[in-house]
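Take a look at the structure below.
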Amino acid sequence: MTLFEQLAFGVLLLSSLLCLFRISRGPTAPDRAVAIDILGTLVVGFCCIMALWTGREFYVNIAIAWALISFVATLALAKYLEGRPYDA
């Protein structure tokens, strides 16, 4: 593992811990929703670092799938918090 990969992994880990703190202590539901969205983005970052570290490209495929699912989930959560129905 190179120094860049170690540094990136450390930054992502620290950011994840801060997001988990915001999810558990967030004063409002939108604060928690934003923290969950950021945590999803950090998981994509972890997958990309793992792809660099191991040299296996299926981690990038996992990252792309996770990003798409996280995007759709964030939209659904935002609609739910707004009180609107899930229309097409």
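Could you say whether any residue in region 65-78 is surrounded by 15 or more Cβ atoms within 10 Å (Cβ to Cβ), of a type in the set (G, A, S) and in contact with an Asp or Glu (Cβ under 8 Å, 6 or more places away or on another chain)?
Yes, region 65-78 contains at least one residue that is surrounded by 15 or more Cβ atoms within 10 Å (Cβ to Cβ), of a type in the set (G, A, S) and in contact with an Asp or Glu (Cβ under 8 Å, 6 or more places away or on another chain).
Of the residues that make up region 54-63, is at least one β-branched (V, I, T), free of Cβ contacts under 8 Å to residues at least 60 places away in the same chain, touching a Leu at 6+ places or on another chain (Cβ under 8 Å) and crowded, with 16+ Cβ neighbours inside 10 Å?
Looking through region 54-63, none of the residues is β-branched (V, I, T), free of Cβ contacts under 8 Å to residues at least 60 places away in the same chain, touching a Leu at 6+ places or on another chain (Cβ under 8 Å) and crowded, with 16+ Cβ neighbours inside 10 Å.
Just name the residue that is surrounded by the fewest Cβ atoms within 10 Å (Cβ to Cβ) out of those in region 1-49 that are over 24 Å from A73 (Cα atoms) and touching a helix residue (DSSP H, G or I) at 6+ places or on another chain (Cβ under 6 Å). Talk me through it step by step, then tell me what you get.
Narrowing region 1-49 to residues over 24 Å from A73 (Cα atoms): 1-11.
Next cut, touching a helix residue (DSSP H, G or I) at 6+ places or on another chain (Cβ under 6 Å) only: 1, 5, 8-9.
Values: M1: 11, E5: 13, A8: 18, F9: 17.
Ranking the qualifying residues of region 1-49, first place goes to M1.
Rule-based calculations on the coordinates, nothing more; no lab input. Predicted model, so just to flag it, every value in this text is computed and none were measured. Heads up, the Cβs are rebuilt from the backbone with ideal geometry, glycines too, and the neighbour counts pull from every protein chain shown.
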